[in-house]
1. Report, by residue number, each residue of region 534-571 that is under 30 Å from residue 49 (Cα atoms) and either assigned to a loop (DSSP other than H, G, I, E, B) or without any contact (Cβ under 8 Å) to a residue 24 or more places away in the chain (or both).
2. Consider residue 372 against the criteria (1) buried (at least 17 other Cβ atoms within 10 Å of the Cβ); (2) in contact with a strand residue (DSSP E or B) (Cβ under 7 Å, 6 or more places away or on another chain): it satisfies all of them except one. Which criterion is unmet?
3. Take region 116-165 and flag every residue that is within 27 Å of residue 72 (Cα to Cα) and assigned to a loop (DSSP other than H, G, I, E, B).
4. Out of 171, 207, I need the residue that is closer than 27 Å to residue 411 by Cβ and more than 18 Å from the chain's Cα centre (by Cα). Which one?
5. Suppose the filter is surrounded by fewer than 17 Cβ atoms within 10 Å (Cβ to Cβ) and at pLDDT 85 or above; does residue 242 pass it?
6. Considering 9, 22, which residue is on the phi < 0 side of the Ramachandran plot, within 28 Å of the chain's Cα centre (by Cα), part of a helix (DSSP H, G or I) and surrounded by fewer than 23 Cβ atoms within 10 Å (Cβ to Cβ)?
7. For residue 262, all conditions in the list (1) in contact (Cβ under 8 Å) with a residue 60 or more places away in the chain; (2) surrounded by 15 or more Cβ atoms within 10 Å (Cβ to Cβ); (3) out of contact with any helix residue (DSSP H, G or I) (no Cβ under 7 Å at 6 or more places or on another chain) hold save one; what is the number of the exception?
């Protein structure tokens, strides 16, 4: 009988093992069990999310691929050009080996993009860490940032944006989500499959070593406390080899001899080769003896399951590989024919002339699908009423100023410049708006278009209410695109959640998808790709549900993109939204609540239809060149937004309003659907005409320095210093 330790190492349950035996009508051998462990892992098989993923809005008039059918999603931007984009996590490896985990996360997502024939043109990342006062969290954060920059900067791809946030729920379980964007001619998009029996399977790139074995199953598919061995399961990357691989693969992508291309990522050759065969409706014969290896004595099990980096699989027409080999030789890349696509539905594995395994492909790739509604049945999310201190509703100038100073010094609000200055964001010379704004903007050379790109996810709001929180995450990602004047047309999602086998984890996933579907329908923007990382339980507790949204919008290159900060003294300040002030209930899940109340409670709300209207309005103002700056109100509320608008160009603001008695909610409530913008006074009449029936108001004037409301004066120099000082400890 199979041992419990063996199943645990493979992240298979006893019931799943029995299902394997039933499907095969026999006991699997060691290699076959490894294949099932990899392909039925959460990372490859999506056992707990596949049913939900089928419900999501993933199509629009611009989409070119089926969600999940290829390495990434593709969207039509006109001029026979397609944008290929995807976000993917490398959370568990980064918790164990922060540098290599983050570095290989970048490498993996880049390969997903050029596997489709697209040249990578931008990177973004979304990072989550625990409290920086704890030394281990500093070590993890430093390793992750160094890994992203150390690997990414070698590839010649600009890292143009993202986010970095801190919360105690990420203690010992950091989140590292990497997003990559590429461009390709529509008629040159590659698929990850073969065409006919006789097509050859060729491996190119790095030799195969023992690194990364069980990376997909042992790390990404179970909780840390359940993991048998960790460190050897983390892959080791070589960015210089990856750069050669990018150029070589894009060159051979132009050849007629090439049929398909697949990244060799999670589960290594096992996943890449067998999934190619499945997409092709073909069988596959592999000789592991033909795989170039890094170490002597490697077993077929190790060769098939290794997750060594910088490897690609290509399908090539039979006897038509010579030109491809010449190109690979030019780029000094190893290659070897390791198999052939065949008639039928089996994967047949040999080691030289020794037969090892014959397994039905559809059995290997059809992982069990779990119904989360059954797991969450009877679960009721606990409601925790928000509790407000009496002082929050009693105007006191000194108390207010102290709270402003502390919140602007928060690691979640301070300038992230010390982090993103380590990334090369100007290579390829297309970057129009750098990191530090609501979203980044890059030009698409040879076209009349630019792209706006953002990466967002507020996990505290999702912790309060995962459905509404996920709606807000999509709304904010799109809002950050809209304030640049761009129209959102595609999303990619990174699902970072706890244990889906527990009622709470299952419930959070179900509610999140409900929110996604609501928001995608209203914004008419599809989720075209993504990744699920579950079992993020740390060593103590589950993380807050953290759905990360990567958003892409399109804008005409002749449009003047507004700045984040105020531009000139004397400009007028306007607000799009139902109210200037936040509310007491808007403190639910807020940064203010995290810092001062050390709590996560209350209730959150967003009117998605109203949100869509204000985004359309701000885009109209940008397109008609009526505004100089625009910035959305989000984390930290109104006060933080005003400070950031002033800080960028060292200006001030005179707000023609009195701060209400409930100053905490008014200044720091994170109520949704509010945008601050500035404009020349001469444009007010036209703005009023365009926004006639919309909720907007003029709230003040840009000044030389300091921030003044009718009932309080706030010196800005010290606030700017606190903001620009950066993180509480160096990253």
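The values are calculated or read from the model by the stated rules, or taken from the named source; none is laboratory data. Keep in mind it's a predicted model, so treat the numbers as computed, not measured. Methodologically, a virtual Cβ is constructed for each residue, glycine included, from the backbone with ideal geometry; neighbour enumeration extends over all protein chains shown.
1. Result: 534, 535, 536, 537, 538, 539, 540, 541, 542, 543, 544, 545.
2. So the condition that residue 372 fails would be (2).
3. The answer is 116, 117, 118, 153, 154, 155, 156, 157, 158.
4. Values: 207 fails: closer than 27 Å to residue 411 by Cβ.
From the options 171, 207, the qualifying one is 171.
5. Values: surrounded by fewer than 17 Cβ atoms within 10 Å (Cβ to Cβ): no; at pLDDT 85 or above: yes.
For residue 242, the condition - surrounded by fewer than 17 Cβ atoms within 10 Å (Cβ to Cβ) and at pLDDT 85 or above - is not met.
6. Values: 22 fails: within 28 Å of the chain's Cα centre (by Cα).
After ruling out the rest, the residue left standing is 9.
7. (3)
So that you can scan it fast, the table gives a plain yes or no per residue for (1) part of a helix (DSSP H, G or I); (2) free of Cβ contacts under 8 Å to residues at least 12 places away in the same chain:
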residue	(1), (2)
378	no, no
388	no, no
395	no, no
402	yes, yes
407	yes, no
411	no, no
424	no, no
429	no, yes
